[in-house]
Amino acid sequence: MKVLVINCGSSSLKYQLIDSETEAVLAKGLCERITIDGKLTHTTTGKEKYTIDADMPDHNAAVQYVLDALLNKETGVLSSLKEIDAVGHRIVHGGEKFAKSTVITDDVLKAIEGCNDLAPLHNPANLIGIRACKKLMPDVPMVAVFDTAFHQTMPDKAYMYGLPYEYYVNYKVRRYGFHGTSHCFVSKRLAALIGKKPEECKLIVCHLGNGSSITAVDGGKSVDTTMGLTPLAGLPMGTRTGDVDPAIIEFIASKENKTVKEMNDILNKKSGMLGLSGVSSDFRDLDAGIAEGNDRCRLAVDVFSYAVKKYIGAYAAAMGGLDAIAFTAGVGENNPYVRRLATEGLEFMGITLDENANQVRGEEARISTADSPVAVWVVPTNEELAIARETVALI
Ligand code: AMP
């Protein structure tokens, strides 16, 4: 089966065409600057990557460019649109309504729309992507795969905030968690790597990228995770604060005469690694800064790694034990320094990294010593493949 995986943002659209039998990526690409002007970067596996400036006034136009790129006689991979058997859409927020992926129907579209106020930047864009695809491929079955769904197994003690209860009743204010597709995919793989069934083990998945979250997975189920009502909570990230004392917001707003909206912008876009270092949100730039002796780059990476370590400890305590830890996503897969800082001193918990093995980048590998009671692995994530698998399973 050929599955088109779509990840639609407000001005971008990432796609991959995956052969579900071989799990090979047949083609992939990115539309950027949708509604502004438009740019498509497309690669068909085995052929040359190309970029074109394209006129993309809306997402329908972007989807049309994607389909044209897939169908192009010289640079494409399909001879007819009929070869696309299904489309899998990444949806950021499924609220409490979606604990699983689901085939998209009109009722499902309405229910996703009902979650819009929980993710006002993401869900409306995801919906636009679905509608654009439905318009151009009306007969192709489509599946919604939610970032939040994997975390719906959390117990109430993990997802409730210490706020007046009516905010949960009236507005569904609670922890939801994100990156669920990645946490699910990586935790299953980690269980297989340590030779156990997911139901038999206690795992911690550290998804560390530009956005970062950590999940405790007990018996194959998410039992706690660091992100919250929104993806702003938990670890400090590329440009997001992660957890801060909530009173700081009013304190700074009154000192600097800022509105709630302006504060939100600072917390989401000017904080985290960028805010601390004053240099960059990208860990490669921070590593370069550290090598040059920049103390604020050192501080940023220290704050980040220390937060990762604290959550590893917290989640081992929450689960009452720990079999294995996975590091995944851009930083988790490629940054030996962060992995070392995040785990050093945890030998008392049975975690001992093998310094040589920890030099690995971007590849699946065990990075703990052979006698470390807790196995530590680098497990590359693959959210698109996970979405394609879910899509095939549902149709
Ligand atoms: P992600 O959001 O998963 O794409 O991760 C982005 C972060 O991962 C950035 O801070 C990058 O510096 C880091 N990253 C991605 N690829 C690499 C790489 N090959 N080497 C080092 N860091 C990387």
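The values are calculated or read from the model by the stated rules, or taken from the named source; none is laboratory data. Nothing here was measured: the structure is a model prediction, and the numbers come from that model. With ideal geometry, Cβ positions are generated from the backbone for all residues, glycine too; neighbour counts draw on all protein chains shown.
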Can you give me the ranges of the strands (runs of 3 or more DSSP E) entirely in segment 1-76 with at least 2 residues that are surrounded by 15 or more Cβ atoms within 10 Å (Cβ to Cβ)? 2-8, 13-19, 24-32, 39-44
I need every pair where a residue in segment 1-24 that is without any contact (Cβ under 8 Å) to a residue 24 or more places away in the chain has its Cβ under 7 Å from the Cβ of a residue that is basic (K, R) and buried (at least 17 other Cβ atoms within 10 Å of the Cβ), sequence separation at least 6 or different chains. D19/K2
Of the residues V186, V260, only one is closer than 20 Å to F283 by Cβ and of a type in the set (A, V, I, L, M, F, W, C); which? V186
Among the residues of segment 277-333 satisfying the criterion of being away from the ligand (no atom under 12 Å from the Cβ) and basic (K, R), which is farthest from A375 (Cα to Cα)? R296
I'd like to know if segment 14-26 contains one or more residues that are among the small types (G, A, S) and modelled with pLDDT of 95 or more. yes
Here are some conditions: (1) outside any helix (DSSP H, G or I); (2) crowded, with 22+ Cβ neighbours inside 10 Å. S79 meets all but one. Which one does it not meet? (2)
Of (1) modelled with pLDDT under 95; (2) within 13 Å of the ligand (Cβ to nearest atom), I395 satisfies every one except (2)
Out of all the residues in segment 245-267, is one or more modelled with pLDDT of 95 or more, in contact with a Pro (Cβ under 9 Å, 6 or more places away or on another chain) and either more than 16 Å from the ligand (Cβ to nearest atom) or not aromatic (F, W, Y) (or both)? no
Scan segment 258-278 for residues that are of a type in the set (A, V, I, L, M, F, W, C) and surrounded by fewer than 17 Cβ atoms within 10 Å (Cβ to Cβ) and report the count. 2
Answer with yes or no whether V108 is in contact with a Phe, Trp or Tyr (Cβ under 7 Å, 6 or more places away or on another chain), at negative phi and not in a strand (DSSP E or B). no
When segment 259-316 is checked residue by residue, the ones that are more than 21 Å from G332 (Cβ to Cβ) and acidic (D, E) are E262, D265, E292, D295
Out of the residues in segment 319-374 meeting the condition of being surrounded by 18 or more Cβ atoms within 10 Å (Cβ to Cβ) and acidic (D, E), tell me which one is nearest to S213 (Cα to Cα). E333
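Just the residues that are of a type in the set (S, T, N, Q) and buried (at least 21 other Cβ atoms within 10 Å of the Cβ), please, taken from segment 217-257.
Of everything in segment 217-257, those that are of a type in the set (S, T, N, Q) and buried (at least 21 other Cβ atoms within 10 Å of the Cβ) turn out to be S222, T225, T226, T241.
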